[in-house]
Each structure stands twice: as structure tokens, then as C-alpha cells.
Amino acid sequence: MSWYIFNRLWQGVIVVLSVVVVVFVLTRLIGDPVRVMLPLEATPEQRALFEAQLGLDRPILEQFVTYVRDVAVLDFGESLWQRRPVIEIIAERAPATVLLSVVAIAFAVLMAVPLGVVAALRPEGLVDRIVVVISLLGLSIPQFWLGLLFIVFFSLMLGWLPTSGAGGIDHLILPALTLALPAMTRMVMVVRSTMIDQLNAQYVKVLRAKGMRPWRVVAVHALRNSAVPILTIAGWEFIRIVSGYTVVVETVFAWPGLGLTAIQAIERQDLILLQAIVFVTSIAVVVINIGLDILYKAIDPRIEIGSQ
Amino acid sequence: MRKTILTWCLAVAMAILPLTAFAEDIVIVIGSEPTTLDPHAADDGGEKAVNDNVFETLMVRDTEGNLGLGLAAAEPTQVDATTWEFKLQPGLSFHNGEPLDAAAVAFSVERMIDPELNSEQLSYFSTMAGAEVIDEVTVHIKTSGPDPILPARMYYFMIVPPEASQADSFAEAPVGSGPYKFVSWDRGNEIVLEANPDYRGGAPDVSKVTYRFIEEPGTRLSTLLAGEVDLVTNLLPEFMGQVPQAASMRGLEHPMVLLNADGGITADARVRQALNYAIDKEALASALFEGQAQVEAGQLLGPTYFGFNEDISAYPYDPGRAMALLEEAGAAGGEITLVSTAGRWLKDRELTEVVAGFWSAVGLNVDVQIYEFDEYLQRLFRSEDGQRADAIFVVSGNELLDADRSFSAYLAPSGFGASNSIDQLEQWITTARTEIDLDARQALYEQVVEYAHEEALLTFLLNINNIWGMSERLSWEPRVDGKMFVSTMSVE
């Protein structure tokens, strides 16, 4: 087990290192921050001054060495846009994104598993057909539109929940649901098909023939054997939420997390902040993946990594 | 059991009620969160929206844009070519008790031009060279050369307290002298200000104002419809019918198209005039902005800007004339490149496409090139070799309400976005920049306007209105400069 975890860890370190390089190159390809950040009417002297302040006038190799050295000690520098340490901004915004993502994936799992199981019990039955239709709908609705739709329905028409911003639990519900629904619809399809496979397996027939109660067959044996694929899709959805969908949903709901901050950093060409957000997010993705691998191993000890 | 439930309900109701009971508290939604609350550091609309209520300036403008006195007690006077004298009202102070005297003004000037601060606002104040305290209420502001528009610049220049502004916390917890005091800033979520009870002329009506930050226009609209807020900025014209109240006012943004007078198909003045005649500006205003835009008066300036020429008006819509001019210039059916960007300014892509449509309608072959902002800027900025696209869409904003800023940028050949090499224009605009005699200065600008209009160096389009959405209970008059002074608002 410990060899297995060690293996996963150094693979994670390699991923993080390559992300450092890619992020550095990409952020320097997307344009000239000096040109975009200063007002159009700024004088050439002001531009030169600003460039020198950012260190952008130095050779690219020197910039890279400085960058890697600073990242190694988690010093991401000062945000061009907010003029304060980037690490401070991330520490301020990350908790909001983590909270939102965790609640969203919890919503998604709690809805997807029961729905998928019920649908699998009678494939082609009424419940199954409804679940499939809803899933297709959920898959095809763009998230920003779904968010606005929720705002119109729950905030404007019913007046139950606030439209946007952060505050109490009530502020969390709509953005979390908006993130959860598309994830749920993809998960429900996986739960459904895995469960159908399991329920047709030989051991289920044996258990049934031996007279085990149906709910026990489904909830204990079949579901447990479906756990690995379900965990895989849930982990995948969680990563997609953390590293992508929060950008859209946080913008729609003005939720003060990292996703919204990433959009703002792009708009203001704040490459220092942007590269730090990408870096932190990629670390999060690596960590989640390692966590998932450990969970697999716990669920099914037969799983091995890279040794077959 | 029933009784306990009732008691609980009452307790909950009592806990909620005080939060909603103060009708004189308002919530304002702005598009972007301030990056800092240091009024000298950033060039940032969010910061201005908040700090306009916390800090004050020597000069102010009325709702129409006419310059008047703020902290200054009298019209500023020129002592010599490079020195302006300002007299302050006596007995002013900041929220923390520091006196707002000549020393504070001088300190603010020195702070702004300090290279250490490296202010993004420097392009507004780069002519300032220093300041000198004469007595408690008299200060001399020195400029590097003659600067006739220093008083106009002072309307944009906030006076900060010398002691408080040196604290590290100043950018997060500003101390000003205005009708509102800073209370708190919950990053990412809201900023709260409260009325300054000791403000000269009495405390303002609205006792507390909360700023929220929402970039997405649809969400901004729904906060207003849900009754959560009282004022939202930058309402889209198509949403005006849905909100309880809407306010609209001529704004500072002038979309236009720069035409290359140096080369290509647009080198011929007749072609440039034709491009102006070809566009139905009324149709642009009504179709794209629901009528919330004025036809630009053919000069890049609003009627209250210094330099406005009353004798010049927009090119009329006359496609027949346009075609005749093109024919005359031998450019009928010619090809023209139109460079633009998308998502930077309100309806930039739509405006570009409709303009291209009008040009196609008079027989031109328009090659529309829409670039990502940075790519676009590379084409907008005048390069060393002078190669320019035939036509470049751009939006000019002019916070100083003075011709110099727009003309120096887009008409003087040395400007970063100029598409001509006409020495005469450079000379006029440079002379006007330092001309102290206001009549002579006005005359120079009128000359520039007339020349640029006749030569059709630009395709003049529109002057877009700012639109605000307001709750039923709020009463407020919008301003030309778009500033939202909470002290001028009241709620029923």
C-alpha cells in the first residue's frame, strides 16, 4: 500500500512541475500585460516604468529562473491588478470555491445514485425513461443559462433565495445546484449502466436464487460492486467542477471564489495572479486524483498502479 | 407545543426585522470590485464609484459637466505660466480629524507624482511638477509647462490625509473628507460606507450604502428585479422596460472609426467623407441602443467639453452622396479593411458589423477583422513603420471633459492611435495644450474640429448613454460624468 502511494506521489510531483513550465510559457504568450493594463492614453515613459517594475524587461530565461525559485517557496509575487501578494488573494478566495464545489458534488452524488439505481431496476421502464430524458436535458443545457434560469425561477418568481453574492447558506444553494445538475445527469447514466451490468451478473442471480431480500441484493452487493466506476465518474466530475465549471457559475452568481477571480485576472491581464491560480488548481487536481487512487485501493485491494 | 412554535416564529421575525427596517440604507451594484481603495493608485471604475463618496476634490462638475468649486473657495488663478493658485475653504478636516489644509493638498500632489507610487492615474496628472504651501488655505500647484486645464484635472484629483495615507492599511480602509465614511470591505462580496454626520452642510439623506460587485449583466438585472438592491450600473438598453425605474444620461463614451489618411483606399479625403455619409447614425442609435445614444456631433466631444465647436454637426445619412464621392475618387467597389475587437466595449462587435453593412451597401468590399483585445491593441497603437489598417473601430472615453485628451490621442499624429501625419494638426493641438488664454485655446480647438470634420479623419458615430436601473423607492438624477454621489440620492 505505501509503495503504491509513494508511486502516485512522485507522479503527481512530475505533473506539477510540468504545469509550472506550461503556465509560465502560456501566460507569456497571451499578450503584453503592459499594453492592456495601462489606460490607452498612457505615455511611453509610463509603459517603460511599469514594464521594469514587473521585471518584464529582463531576459525570458532570467524571468523563468526567478519564477521557479519563488514558486518553490510558494511566493507567487504581487498581483498586478490588486497590488497585493497573490497568495493573500488565493487564501481569501479558495475557501469559497472549495465550499461550493464540495456541496455541489455532494448534491450530485446524493441525487445521482438513488436515481440511477431506481432506473436500473427496470430498464426501459417509466422511471428509467424519465431519468434518461432528464439526463439528456441536463447534458445539453449550458451552465450559465441554467444558472440564470434558476435565478429567474427561485429568486424572482418564487422569491425563496437570494440572486447572487455570498452570505448565509441560502446564497450557496443556487450556485451549488447549478454546478450539481449537469454533473448529476452524467453520473446518473454511469450509475444506471453499471448497475444494469451488475444486476445481470451471475452472482446476483445466485443471491436471488438463494432467497436474499431484493433490497439487500441491490443496496449491499450490486451497489458495492459498482462503487469503483461510480467513484471514478464522481471524482472526474469533482475535478471538472473545481477546475472549470466554477469559473462560469461563480461569474453568474457573483460568488467570490477562485473561478471568478480567474476570469477577472484574465480580463485585467494579471498574469501573476492567473499563473498562481492555475498552479494552485493543478495542485488541487493532482491531490484529488491521488486521494481517489487511495480510495480505489481501499475499496478494491486488487487494483495496482503501473506495475502490471 | 403550538405556543413554543409561535414563540420561535416571533423570535425569528424579530431577529430579521431590524435588518430590513432602516429604509434609508441602500445597496448599489457596480460591475467590478475596486482593486484598491487608495484613491491615487489605480485607474479603475469600481474604485472611483466608491471613493467619489469618501474623498473630495478641489473642483467639481455639475450634472451637465460644467466645472465648479469643490474644496476650493474661489476660482483658481494663474500666478505665472507654470503655477496655479488654489484657495481652500477654511476649517476643513478629514474623517480622522486631520486638517484638510494647503499642506494636505501639497502632500497629495507630491504623493501622486511620486515614482514610488507609480500611479495608473498618472496620465491624467503628468503635467504636475510639485506644490508649495503659501499659507494655511493657499497652495500653489506647479506644472512642468503651462497647463491651462489643471483646474479640470483637479476635478479628478482626490485629496488625501497626509498621516492616514501613509499607513499600510490606507488601501483597504481609506480615510477621506467626503459625505461618507468607510466602514468595512468584505473582499469579493461588499463594501459598506456610512453617512458622515459632521459633513459640512449636514449629513446626507442615505445613512448607509452597501456596494456589491456583479459583472454578469443578467445577474445584475435580477438583483434589481428581486428587490435586493436600489441601483445597478450599466443596465443593458434592452432591459430598460423591465426595471422599476431607469435613468439614462449622455455618457462619456464615443465609439468611432479611425480612418487612415496616410495610405490605402482611405488616403483620399472624398473616400473618408463617403464613409461618413454612408452610415445612418440614427438607425445605429435606435436599433442597437434602443434610442439610448445620441448621434455624435462630428467632433469627438460632448457639448460641455472644453473645445466643443457649436458650428459643426454630424454628417447626414446620404448614401447617394457617398456613392457619388466614391465614384469621383475612383474607389467605387474598392476594398476596405475594418479592424475591431469584441467584448471590450458595449456592443463593439455589433457596431462594427453594422458599420461594415452600411459601407457594403454603398458598394464597398469590407473586410471585417475582429481580434482579441491584445491583438487588437497591437493594431490600434501606431507602430514605428506607420503601417495602419484602413479603418479601426475604437471607443474614446474622456473623463477630463477637455478636448486635449481625445485629440492628443487620436488626431495629433504623435498620438498613440492617430491615423494621419498632418503637421498642421500636431501644431494646433500641441499649442492648445499649453495655451493659457482660454479664448485662444477654444479657437484652436474649434479649428481642429472643423479641419478633422472637413477632412473626415474619423467616422463619427455615436455618444452612448449611461443607463442605470433603479428601485421604485430611490430618487436620483444621473450625471454626464457617470459619477454616483450617494449624497444626491434619497429614498422614500
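In chain B, the calculated helix contribution to ellipticity at 222 nm averages -9000 deg cm²/dmol per residue, counting -39,500 (n - 2.57) for every DSSP H run with n ≥ 4. In chain A, the longest principal axis of the Cα atoms and the axis of helix A:60-72 are about 50 degrees apart. Within the protein assembly as shown, all pairs of alpha-carbon atoms sorted by distance into 10 Å bins from zero give the percentages 2, 11, 18, 22, 20, 13, 7, 4, 2, 0, 0.
To the nearest hundred square angstrom, how large is the accessible surface buried between B and A, total for both chains, probe 1.4 angstrom?
Details: alone 20540 and 16810 Å², together 34050 Å².
Looking at B and A, the buried total is near 3300 Å².
Each Cα pair of segment B:288-342 feeds into the Kirkwood radius, which the Stokes-Einstein equation turns, at 20 °C and 1.002 mPa s, into a diffusion coefficient of 148 µm²/s. Principal axis analysis of the Cα atoms in segment A:96-269 yields extents of 64, 34, 28 Å, listed in decreasing size. Could you work out how far helix A:126-140 tilts from the main Cα principal axis of chain A, as a 0 to 90 degree angle to the nearest 10? Taking the Cα atoms of chain A, the angle to A:126-140 is about 10 degrees. Farthest toward the positive end of the dipole of segment A:96-269, out of A:Ser155, A:Ala108, A:Ile263, is the Cα of A:Ala108, where the dipole comes from beta carbon charges about the Cα centre. Cross-link pairs exceeding 25 Å in C-alpha to C-alpha distance, out of B:Lys142/B:Lys181; B:Lys181/B:Lys483; A:Lys205/A:Lys297; B:Lys347/B:Lys483; B:Lys48/B:Lys208, comprise B:Lys142/B:Lys181; A:Lys205/A:Lys297.
Stokes-Einstein diffusion coefficient for segment B:103-182 at 10 °C in a medium of 1.306 mPa s, Rh from the Kirkwood formula over Cα pairs: what value in µm²/s? Working shown, then result.
Working: Rh = 13.5 Å.
Roughly 117 µm²/s, to the nearest whole number.
Across segment B:251-465, how large is the tail of the calculated P(r) beyond 31 Å, expressed as a percent of all Cα pairs? Summing the P(r) tail past 31 Å for segment B:251-465 gives 13 percent. For chain B, the relative contact order works out to 20 percent when only alpha carbon pairs closer than 8 Å and six or more residues apart are counted. Among the helices of chain B, those built from whole DSSP H runs whose Cα atoms reach 15 Å or more along their own axis and whose mean Kyte-Doolittle hydropathy is at least 0.5 are B:2-21, B:102-113. Of all DSSP-defined beta bridges confined to the protein assembly as shown, some 75% are antiparallel rather than parallel.
A cut-off of 5 Å between modelled amide H atoms, ignoring neighbours fewer than 5 places along the same chain, links B:Thr341 with B:Tyr371.
In segment B:257-324, the alpha-carbon atoms span a convex hull of 110 Å³ per residue.
Rounded to 0.05, the FRET efficiency of the B:Ala440 and B:Glu136 pair, given R0 = 35 Å and the Cβ-Cβ distance, is 0.50.
Where the convex hull is taken over the Cα atoms of segment B:338-466, what is its projected area averaged over directions, in nm²? Mind showing how you got there, number by number?
Values: hull surface 35.6 nm².
Spelled out: convex hull of the Cα atoms, projected over all directions, averaged, 8.9 nm².
Which value, in debye to the nearest 20, describes the size of the charge dipole of the protein assembly as shown about its Cα centre when Lys and Arg Cβ atoms bear +1, Asp and Glu Cβ atoms bear -1, and nothing else is charged? Before the final figure, lay out each step's value.
On the way: 54 positive and 98 negative charges, 1196 e Å.
Around 5740 debye, computed over the protein assembly as shown.
With each label modelled as a point 7 angstrom along the Cα→C-beta vector, the B:Ala129-A:Gln202 pair spans 9.7 nm. Compactness of segment A:200-308 is given as radius of gyration and Dmax, 20.8, 67 Å, from Cα positions.
Suppose a student asked you for the relative contact order of segment A:105-182, using Cα pairs under 8 Å spaced at least 6 residues apart; what percent would you report?
Details: 49 pairs, mean separation 25.9, N = 78.
Computed over segment A:105-182, the figure is 33 percent.
With only alpha-carbon pairs counted, each pair once and no self-pairs, how large is the Kirkwood hydrodynamic radius of segment B:55-161 in angstroms?
Working: mean 1/r = 0.0724 Å⁻¹.
The Cα-based Kirkwood calculation yields 13.8 Å.
Once every Cα of segment B:121-251 carries one equal point scatterer and solvent is ignored, give the base-10 log of I(q)/I(0) from the Debye formula at q = 0.11, 0.13, 0.16, 0.19 Å⁻¹, two decimals. The computed values of log10 I(q)/I(0) come out as -0.65, -0.87, -1.11, -1.22.
When the P(r) is computed for chain A, the part past 37 Å accounts for 31% of the Cα-Cα pairs.
Using a Debye calculation, one point per C-alpha and no hydration shell, please list log10 I(q)/I(0) for chain B at q = 0.09, 0.13, 0.14 Å⁻¹ in order. Treating every Cα as an identical point scatterer, log10 I(q)/I(0) equals -0.69, -1.28, -1.41.
At 25 °C and a viscosity of 0.890 mPa s, what translational diffusion coefficient does Stokes-Einstein give for segment B:176-331, taking Rh as the Kirkwood radius over Cα pairs? Give it in µm²/s as a whole number. It would help to have the intermediate numbers written out before the result.
Working: Rh = 20.1 Å.
D, rounded to a whole number, is 122 µm²/s.
Surface composition of segment B:251-465: carbon and sulfur atoms hold 45% of the protein heavy-atom accessible area at a 1.4 Å probe. Between the C-alpha center of segment B:133-200 and that of segment B:385-406 there is a gap of 30 Å.
The modelled label-to-label distance between A:Ser2 and B:Leu69, using points 7 Å beyond Cα along the C-beta direction, is 8.2 nm. Inter-label distance, A:Asp75 to B:Asp205: 5.3 nm, where each label sits 7 Å from its Cα along the C-beta direction.
Out of the DSSP beta bridges found with both residues in chain B, what percent are antiparallel (nearest 5)?
Working: 54 of 72 bridges.
Taking every DSSP beta bridge with both residues in chain B, the antiparallel ones total about 75 percent.
The values are calculated or read from the model by the stated rules, or taken from the named source; none is laboratory data. The structure presented is a predicted model; accordingly, all values stated were derived computationally and were not measured. Don't worry about glycine lacking a Cβ; one is built from the backbone with ideal geometry, like all the others, and counts go over all protein chains shown. With ligands, DNA and RNA removed, areas are computed over all heavy atoms of the protein, side chains included. Shrake-Rupley method; radii C 1.70, N 1.55, O 1.52, S 1.80 Å.
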